[in-house]
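The values are calculated or read from the model by the stated rules, or taken from the named source; none is laboratory data. Small disclaimer: the values here were computed from a predicted structure and weren't measured. All Cβ positions, glycine included, derive from the backbone under ideal geometry; neighbour counts span all protein chains shown. The area values use the complete protein model at the heavy-atom level, side chains included, leaving out ligands, DNA and RNA. Shrake-Rupley method; radii C 1.70, N 1.55, O 1.52, S 1.80 Å.
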Amino acid sequence: MTTTSARTAPTTRAWITAVFVAFTMSGLAIATWLGRIPSVRDSLGATTFEMGLLVLGMAVGSIGGLTFAGHIVAKVGARRGVQVASVCLAAGIVFAGFAVTFGWGFAAIWIGLVAFGFGNGLVDVSMNVSGAAAEKAGGRTIMPLFHAAFSVGTLAGAGIGALTEALDVPVVLHFAVLGVVTCLVMLAAASRFGDEHRYEEHEGTETSPTPVQLTRWQVWAQPSTLLIGVIVLGMALAEGSANDWLPLAMIDGHGLDNAAGSAVLTVFLAAMTAGRIAGSPLIDRFGRVPVLRVSAAVAVVGLGLLIFVDVIPIAIVGVVLWGLGASLGFPMGMSAAADDPRSAALKVSAVATIGYVAFLAGPPLIGFLGEHIGLLGALLVVFVFIIAAGLASGAARETGAAAETLRKRRARDGDHGTTDSRGAARDQQADATQRGGGEPRLQADHPDHATDDTMADPASSGGARTDR
C-alpha cells in the first residue's frame, strides 16, 4: 500500500495544482474585463442603466454556458470542459477589446461579452467538478482554497486593470495580451486534470443495489438543490454586485476618480482572497452552516457601512467586511452540491445556474435603481439576498461522507459536534424518505459502499481516504 500511495500521490498533487492554476486564470480573465469598466463607460458615453444592460450580455452568455455545462462535463469530462471554455473566454474578451477601442459600438461589445460569459459559465462548472474530485483525492477540505486562487486571479487582474487605467493603456492591447495568456495557461493546466469519474463508479452488493444516475430534472426536483441554490444566489449577488458596481459606486457615490475606484475593487478582492484562505480551517472546525451564518452577518454589516457612512476610510472598512463576508458562500455552496459524487456534475450545474441568476438579473436591476436613487442606494437590494442566503444556510450542512469526515475531525480535535452530526443524520433521513417516493437512491446513502471505496483508494496520506 505504501508503494501505491507513493506512486499515486504525485499525480494527485499535480491534479490539485492544475485546478489551482485554472481557478487563478479564470479569476484573472474575469477581472480583466471588470477592471476596465470605467474606460468602457467613458468610451461609449453610456448611462448607468446602459452599462447594466452591457454587463447583462456576459450574464446571458454565462447562463448559456451553465445550461450546457452539466451535459458537456458528463459527456467529455471536466478537462475538455475547461479547454473549450478557455478558448471561448479568450475569443470573447479579445473581440470586446477590439470593439471598445475601434468604436464598433454597443452591440459588438455585447456579442463579445456573450461569448466571454459562455466560457465563464462552462469553466465555472468544469473547475468545480474537477476541484471537488481532487478534494476527495487529497482527503482534506480545499475547495475554499481553490476559490481563493480565483480571488488571487481577480486581485491580480484588478490590479493590472487599475494600472492600465492610470497609464491610459488601450483596452484592446490590455484585453488581447491577457486573453491569450489566460487561454494558453488554462489549456496547459487542464491537461493535468485527473479523471473525476473514478469517484462515481461503484458496483452494487447483495444488500445495496447498483446506484442509478440521476437525470437533470430529478436533480432540479430535490429541495436541497433549490435551497443550496438560494445560498449561492445570495452570496453570488453579494460578490457579483461588487465586481460590477463597486468601482462606479465609489466614483459616483463617494467622489473618487476612475483609478481610485478600480483600486477599491482591488481592496474588495483582497478581502475575498483573505477570507477564502482563512476559511478552510474554519469550515473543518465548525462546519459549513455556522460559517455561512457568520459570513452573511459580516457581509450585511460591511455593505451597510459602505452605503450609509459618507466617510471614505470607513466606507473602505465596509468594503473589507463585505469582501470577507461574501468570500465563502459560493465555494461552500459548490462543495455542498458536490457532496454526492454521482450527481456532482449535474447538481453543481443546477446550483450554479441558480446562482448566476444574480449575474443575469442583478446588473440591470441595480442599474435601473441606480438611475433613480443612486448606486449606493440600489445596493440595498443585495441586503435581502444576503439575508435569504443566511436563512437557507442549513441546506449546506454536510451529508453522507462529508458529514462523517466532519465528525471524525471534530472527534480528533476533542469536539464531537453532536448537534451538527444529529442535524446531518436528520437531513440524510429526510433525503432517504424523499427518495422512497421513486427518486433513485444514490451511492452516498450507503455507508457500506463508502467503506469499500476507502479501502480501494490509497491516494490520500497513509493509504486511506479520510473523507469517505
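Give the residues of segment 34-69 that are outside any helix (DSSP H, G or I) and touching a residue at least 40 places away in the same chain (Cβ under 8 Å), sorted by residue number.
Initially, segment 34-69 is screened for residues outside any helix (DSSP H, G or I), giving 35-36, 45-47.
Gly35, Arg36, Ala46, Thr47, listed by residue number.
Quick check: is even one residue across segment 250-272 among the charged types (D, E, K, R), part of a helix (DSSP H, G or I) and under 17 Å from Leu34 (Cα atoms)?
Within segment 250-272 (the criterion being among the charged types (D, E, K, R), part of a helix (DSSP H, G or I) and under 17 Å from Leu34 (Cα atoms)), the answer is yes, since at least one residue qualifies.
For segment 291-380, list the helices (runs of 4 or more DSSP H) that sit wholly inside it and hold at least 3 residues that are within 14 Å of the chain's Cα centre (by Cα) and under 24 Å from Ile277 (Cα atoms); which are they?
In segment 291-380, the matching helices (runs of 4 or more DSSP H) lie at 329-337, 344-373.
Of Gly240, Gly287, Gly229, which residue is within 27 Å of Ala137 (Cα to Cα) and under 14 Å from the mean Cα position of the chain (by Cα)?
Gly229
Quick one: is Gly318 in contact with a Gly (Cβ under 9 Å, 6 or more places away or on another chain), free of Cβ contacts under 8 Å to residues at least 60 places away in the same chain and open to solvent by less than 30 Å² (accessible area, probe 1.4 Å)?
yes
Cβ-Cβ distance below 7 Å, separation of 6 or more or different chains: which pairs start in segment 116-129 with a residue that is over 16 Å from Leu34 (Cβ atoms) and end on one that is of a type in the set (D, E, K, R)?
Within 7 Å, the pairs are Val129/Glu196.
Of everything in segment 96-117 that's open to solvent by 60 Å² or more (accessible area, probe 1.4 Å) and under 25 Å from the mean Cα position of the chain (by Cα), which residue is nearest to Gly194 (Cα to Cα)?
Step by step, filter segment 96-117, then rank; the result is Ile111.
I need the full set of residues from segment 260-288 which are over 23 Å from Ile30 (Cα atoms), crowded, with 21+ Cβ neighbours inside 10 Å and in contact with a Ser or Thr (Cβ under 9 Å, 6 or more places away or on another chain), in order please.
Scanning segment 260-288 gives Ile283, Arg288.
Could you tell me whether segment 15-26 includes any residue that is in a loop (DSSP other than H, G, I, E, B) and in contact (Cβ under 8 Å) with a residue 24 or more places away in the chain?
Here is the first cut: in segment 15-26, the ones in a loop (DSSP other than H, G, I, E, B) are none.
No: segment 15-26 contains no residue that is in a loop (DSSP other than H, G, I, E, B) and in contact (Cβ under 8 Å) with a residue 24 or more places away in the chain.
Considering only segment 118-137, state which residues are under 18 Å from Arg276 (Cα atoms) and either surrounded by 24 or more Cβ atoms within 10 Å (Cβ to Cβ) or small (Gly, Ala, Ser) (or both).
Correct list: Asp124, Met127, Asn128, Gly131, Ala132, Ala134.
What do you reckon, is Ser280 touching an Asp or Glu at 6+ places or on another chain (Cβ under 7 Å) and among the small types (Gly, Ala, Ser)?
Judged against the criteria, Ser280 is not a match.
Could you tell me whether Ile283 is out of contact with any Leu (no Cβ under 6 Å at 6 or more places or on another chain), at pLDDT below 85 and either part of a helix (DSSP H, G or I) or β-branched (Val, Ile, Thr) (or both)?
When the stated conditions are applied, Ile283 passes them.
Looking at Ser343, is it open to solvent by less than 20 Å² (accessible area, probe 1.4 Å), at pLDDT below 90, among the hydroxyl-bearing types (Ser, Thr, Tyr) and more than 19 Å from Gly153 (Cα to Cα)?
Judged against the criteria, Ser343 is a match.
Being modelled with pLDDT under 90 and either under 22 Å from Ala46 (Cα atoms) or in contact with a helix residue (DSSP H, G or I) (Cβ under 7 Å, 6 or more places away or on another chain) (or both) is true for just one of Ala132, Ala108, Ala115, Ala90. Which residue is that?
Ala132
I'm told Phe95 meets every condition in (1) under 28 Å from Ala14 (Cβ atoms); (2) without any contact (Cβ under 8 Å) to a residue 60 or more places away in the chain except one. Can you identify the failing condition by its number?
Failed condition: (1).
Tally up the residues in segment 51-69 that are open to solvent by 20 Å² or more (accessible area, probe 1.4 Å) and polar (S, T, N, Q), please.
Number of matching residues: 1.
In this structure, is Phe95 touching a Cys at 6+ places or on another chain (Cβ under 8 Å), among the aromatic types (Phe, Trp, Tyr) and modelled with pLDDT of 90 or more? Write out each step before concluding.
Values: touching a Cys at 6+ places or on another chain (Cβ under 8 Å): no; among the aromatic types (Phe, Trp, Tyr): yes; modelled with pLDDT of 90 or more: yes.
Here the answer is no, as Phe95 does not meet what is asked.
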